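So the structure is just underneath, and the comments pick up after that.
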Amino acid sequence: MKDSSFTGDAENGGYNGYKPWNSGGSGSSSHLLVKRVMRIIVFFVGFAMLWIFLYNSASPFGFPSISKQFIGPSTKEIYDPKLESVLKNASMGEKTVIITTLNDAWAEPGSIFDLFLESFHIGNQTEKLLNHLVVITLDQKAHSRCLALHPHCFQLETKGDNFTSEAFFMTPGYLHMMWRRIEFLGSVLELGYNFVFTDTDIMWLRDPFTEFYQDADFQIACDFFNGNSYDLKNMPNGGFTYVKSNERTIWFYKFWFASKNAYPKMHDQDVLNQIKRHPLISEMKLSIRFLSTAFFGGFCQPSRDLNKVSTMHANCCVGLDNKINDLKILLEDWSKYMALPENEKRVSHSSWSVPQSCRTSFQRSKQRKDNGKSL
């Protein structure tokens, strides 16, 4: 939008509607004054143009400039009766479901999906939650495998994309898969369903619903938790979220998805770190809480007390085989703990034997990245 004060100057030769002095005479002082006025006008016009450019591309704080009233196009899933049927059949009270995504690489026998389901079976009062788990499959092989093991499966249209093989971190296929997930979860909110989204490499060991905050719109696990659930300096992990469906969260998921254009080389989690302080989020009064790693742990920052832990995530881990190896060990540790008599569990100092392979793979990956930066 043009500033009328500057527009008026430009249309009238830069003199606010007044004709310039006649420079044909000997008035050198008048000529000098005109030059100074012109310089001032050029400066302010240039400053205004720069401000407009920054406003339209990003705010001065580096935030994408997206209107509070931004409403993106509704995704196709909203009108898919199959999806609505699957969500309805899996829903617990107050239209809440648990959602995970699955591709062929993680659905192979003995791979991540088998370990994921096993964790529900051996967890403390978690088996009943399988009745409310919806598995979103990203290819036909994963869908067939899901139907063989679980009642609530929905195959997501991926518009010609191939999500069958393992998606390596930060590759174009990985980024596209992550953003497709955000787009889909937004459509679930628009259908009026609350959800717990969980990566399939998260082991469910206790019912997490008792540890969620009742007054939050959007709750998210952390790679590293600093002890304050309100602190935006926490490092969130998008692999585990609890989101309530309302106008604020529906807007937020659209805002989050649209923000990928402002940060084209980042994945959803890093974009979240960029936008979590955006003033529009405060203006929308979206309530965000970060979940403690004491209850929602992972290989980055493990839950130390097995009497408290609800979930454990194979984060800070590179490579499918390394995840499988360490998650198997984790479930063995948990089974040993669960086999203890109740009175011994309460005083037990049981701890995890992991990460092992994941720690080594992550350190090597980090070292390669650091070496690349130093070149």
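The values are calculated or read from the model by the stated rules, or taken from the named source; none is laboratory data. All values derive from a computational prediction rather than experimental measurement. Cβ placement follows ideal geometry from the backbone for every residue including glycine, while neighbour counts extend to all protein chains displayed. For accessibility, only protein heavy atoms count, side chains too; no ligands or nucleic acids. Shrake-Rupley method; radii C 1.70, N 1.55, O 1.52, S 1.80 Å.
Some values worked out for this structure:
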| read-out | value |
| --- | --- |
| Accessible surface of the range 77-340 [probe 1.4 Å, protein heavy atoms]: carbon and sulfur percent | 51 |
| Distance between the range 194-260 and the range 87-121 - C-alpha centres, whole angstrom | 18 |
| Value of relative contact order over the range 77-340, rounded to a whole percent, pairs C-alpha under 8 Å and six or more apart | 20 |
| Computed label-point distance, nm, for sites residue 365 and residue 122 using a 7 Å Cα→Cβ extension | 2.4 |
| Residue 277 accessible area, assembled protein chains, probe 1.4 Å, Å² | 120 |
| Length released on extending from residue 94 to residue 130, taking residue separation times 0.36 nm less the Cα-Cα span | 11.3 nm |
| Residue-normalised accessible area of the range 243-374, given per residue in Å² at a 1.4 Å probe | 49 |
| Directionally averaged projected area (convex hull, Cα atoms, the range 77-340), nm² | 13.1 |
